[in-house]
């Protein structure tokens, strides 16, 4: 284990999966009161619960009160479900006895209730419920009775129709210190055939603040309020802040760009929103602006958005990895990316890390299956934009010594309205990619896309454009020559729910990292270049340092199970061919932008010498360098010449 990897120590499924919600990334300036955490009860936090079956007595009536002793109840992480067949499983399986209802209790801390201006209960559920805050009813859906009997039958309500219920009128039920949220859940039949509960309790902000679209000189801060309010960000290089951005326009979706940042500098910030004489204030958070050069560390994973325990476990390990940024290879939520589940299956799970660490997403095929195709992605996230279409479908950015490119390859299917952004020979995206790679001066070039160019799972037969050619083969033919020509070292992708590392193809290393938490695929037909295949939930921690890049594959328990070192470029291997009687053609594998010198000698042991102003000195423009030398121009005129090639500083 390298010292720069912070191991996710697996104490128990309950504790480790909740670690991502226990990491301190807010900052309290000396002498200031601590603002309330927006996530009072986040997705994945531990709850106490009790199943009410037909053959068991219900809990005592006072079970909704904060003083009730629930120490003998079961413990589990939210969400909860009685379903065990994909894609309906949640973090905690409730079992399938003869259920009539289920009771849940969560404890959370509020140091100063006066800091709570708005209170929102976000809940995905099947089929009805009543929610209580410190014994007071604050919301209900689908059941009657005060209180409803434990064997009450609820009106049917489907899962993934998540609701955000403004319960601000009950914020006076909060007390300083420990509070209790209790929920009584009912099914639509007796005994019930299914229960689902994914609850969140939010204070002031229903989303965020989130750090997005970070660069060396700017960063976007996003958040959401339950009612239209003003947009204010205070920020600075110290906890005293000192600068602010103010927009008096009333809105529920807030975005502010901090555009005057110094590279590689710590930035403190907090957000404020005011409406109807109520002002909500976040704690002070901090992040670091991106670097103009030097070593970097980042995480990569994809195919994550299940809301299951596996996703929570991977998220916990990513949150403790100490990376500069996170790359996501797509399929952000399942079964599709829509407004109903983008919070509960993505933003709420990574929320605390996203306050201080920028996440860069690329869309997957499931992210376009909603009726509005990519609308949720475009309105939720803030990524860089490209110069070809002016959108964030595909984009690039720099950090340290690396140039990152995110491509729009959710699949080769014809998604409605996405034709201008599709990738294919002659497309705007492919032309943009060529120009983008040709213009970067960063020594490391890294591609991110959803669909892999090599694949050993069932996806190797994908043919979403129905032309008779497997999609991975087409992507290989379209992308690898461009990547090789312009010095791309690594391509990260997802789609295949596994980890797979391949031997380099013309200097380009391809790695599949699709084990972010949804499901796993087995090995179907091993690709010839495949070097390591693992059907594991995982993420990658990648450290780029000087002339090498280290990839560490870490599973959901924090166990390191594979490592690889990728050189910035491969040592040149020289090939010489005699053409005609006097011309020697010299060819070798090269790195674009690197200067090479071919040296000659009359004996294999030398001495070797190069000519400063001859064709023996050149800067490579693609992955193969070729020059021709007239033997009559070489010194010494021996019958046999010996050659060697060496790389000089770019």
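The values are calculated or read from the model by the stated rules, or taken from the named source; none is laboratory data. Nothing here was measured: the structure is a model prediction, and the numbers come from that model. Here the Cβ positions follow ideal geometry from the backbone for every residue, glycine too, while neighbour counts run over all protein chains shown.
Quick look at the numbers
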| read-out | value |
| --- | --- |
| Residue that is modelled with the lowest pLDDT, among those in segment 491-507 that are touching a helix residue (DSSP H, G or I) at 6+ places or on another chain (Cβ under 8 Å) and surrounded by fewer than 24 Cβ atoms within 10 Å (Cβ to Cβ) | 506 |
| Residues of segment 456-477 satisfying the condition of being touching a residue at least 40 places away in the same chain (Cβ under 8 Å), in a helix (DSSP H, G or I) and surrounded by fewer than 18 Cβ atoms within 10 Å (Cβ to Cβ) | 458 |
| Matching option when the condition is assigned to a loop (DSSP other than H, G, I, E, B) and crowded, with 17+ Cβ neighbours inside 10 Å, among 453, 541 | 453 |
| Residue in segment 575-582 that is part of a strand (DSSP E or B), in contact with a helix residue (DSSP H, G or I) (Cβ under 9 Å, 6 or more places away or on another chain) and modelled with pLDDT of 80 or more present | yes |
| Residue in segment 229-243 that is closer than 30 Å to residue 405 by Cβ, outside the structural domain of residue 401 (by TED's automatic domain parsing) and in contact (Cβ under 8 Å) with a residue 12 or more places away in the chain present | yes |
| Number of the condition not met by residue 193 [criteria: (1) loosely packed, with under 15 Cβ neighbours inside 10 Å; (2) closer than 25 Å to residue 60 by Cα; (3) in contact with a strand residue (DSSP E or B) (Cβ under 7 Å, 6 or more places away or on another chain)] | (3) |
| Condition met for residue 108 (outside the structural domain of residue 227 (by TED's automatic domain parsing), in contact (Cβ under 8 Å) with a residue 24 or more places away in the chain, in a strand (DSSP E or B) and in contact with a strand residue (DSSP E or B) (Cβ under 9 Å, 6 or more places away or on another chain)) | yes |
| Residues that are part of a loop (DSSP other than H, G, I, E, B), buried (at least 18 other Cβ atoms within 10 Å of the Cβ) and either outside the structural domain of residue 359 (by TED's automatic domain parsing) or touching a residue at least 40 places away in the same chain (Cβ under 8 Å) (or both), drawn from segment 416-439 | 423 |
| Tabulated pairs, segment 119-136, first not assigned by TED's automatic domain parsing to the domain that holds residue 69, second part of a strand (DSSP E or B) and at pLDDT 95 or above, C-beta under 6 angstrom, 6+ apart or interchain | none |
| Filter result (buried (at least 18 other Cβ atoms within 10 Å of the Cβ) and under 14 Å from residue 429 (Cβ atoms)) within segment 375-397 | 386, 388, 392, 393, 394, 395, 396 |
